[in-house]
1. Please state which of the following conditions Asp122 fails to meet, knowing it meets all the rest: (1) touching a residue at least 60 places away in the same chain (Cβ under 8 Å); (2) buried (at least 16 other Cβ atoms within 10 Å of the Cβ).
2. Scan region 41-53 for residues that are over 16 Å from Glu111 (Cβ atoms) and either in contact (Cβ under 8 Å) with a residue 12 or more places away in the chain or under 14 Å from the mean Cα position of the chain (by Cα) (or both) and jot them down.
3. With (1) modelled with pLDDT under 95; (2) buried (at least 18 other Cβ atoms within 10 Å of the Cβ); (3) not hydroxyl-bearing (Ser, Thr, Tyr) as the list, and Glu74 as the residue in question, which single condition is left unmet?
4. Can you find, within region 10-40, the residue that is modelled with the lowest pLDDT among those that are of a type in the set (S, T, N, Q) and under 14 Å from the mean Cα position of the chain (by Cα)?
5. Considering only residues that are surrounded by fewer than 16 Cβ atoms within 10 Å (Cβ to Cβ) and acidic (Asp, Glu), which ones fall in region 60-70?
6. Out of all the residues in region 41-56, which are buried (at least 16 other Cβ atoms within 10 Å of the Cβ), at pLDDT below 95 and either among the β-branched types (Val, Ile, Thr) or at negative phi (or both)?
7. Do we find a residue being loosely packed, with under 15 Cβ neighbours inside 10 Å, of a type in the set (A, V, I, L, M, F, W, C) and without any contact (Cβ under 8 Å) to a residue 40 or more places away in the chain anywhere in region 96-118?
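The values are calculated or read from the model by the stated rules, or taken from the named source; none is laboratory data. Values in this document were obtained by computation on a predicted structure and should not be read as measured data. Every residue, glycine as well, gets a Cβ built from its backbone with ideal geometry; the counts of neighbours run over all protein chains shown.
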Amino acid sequence: MAARAFLNKGGRGIGAFDQLVTVIDDDVSVQRALRRLLASVDLRSECYGSARTYLESADLDLTDCLLLDLYLPEMSGIELLEHLTEVAPNLPVICMTGRDEPELEQRATREGAGPCLRKPFDEAELFEALSTLIYVSVGTVLSTGS
């Protein structure tokens with residue numbers, strides 16, 4: 001299982017250091033699936049159906065990494081990225097999209113996002129992105145699971 005590759009040296013999940021991954025996606029089934037997947041590696045998560053509800057929450061200051069759908073109601077993922085460059089410029093962001101639009105993915109990158117995952121993506125892609133954005137940046141050494 002791909003999650004096994006993301007255990008730290010103590011054998012605990014990659015989230016053993018209490019990071020919060022916030023998911024913003026208007027599809028409740030995507031939220032539910034990502035919450036379960038993140039919990040499988042000991043990551044805490046909070047889910048929001050829109051960028052506005054996230055911005056109105058207290059989680060902006062608590063989020064260690066954001067999983068952001070680019071197509072959202074009211075305020076798009078790109079609009080949220082533009083706002084975050086002002087209020088949380090160092091927040092790691094992984095974008096998600098179900099559409100094949102390389103220009104939009106490039107724009108997200110220009111706005112400061114990390115990798116952009118195309119739905120449906122597999123858990124190894126997500127864990128690799130999380131490992132790069134969160135764990136390497138805080139100096140956590142990950143085991144390969146061998």
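1. (2)
2. Residues satisfying the conditions are Val41, Asp42, Leu43, Arg44, Ser45, Glu46, Cys47, Tyr48, Gly49, Ser50, Arg52.
3. (2)
4. Per the stated criteria, the residue is Gln19.
5. Asp61
6. Val41, Leu43, listed by residue number.
7. Within region 96-118, not a single residue is loosely packed, with under 15 Cβ neighbours inside 10 Å, of a type in the set (A, V, I, L, M, F, W, C) and without any contact (Cβ under 8 Å) to a residue 40 or more places away in the chain.
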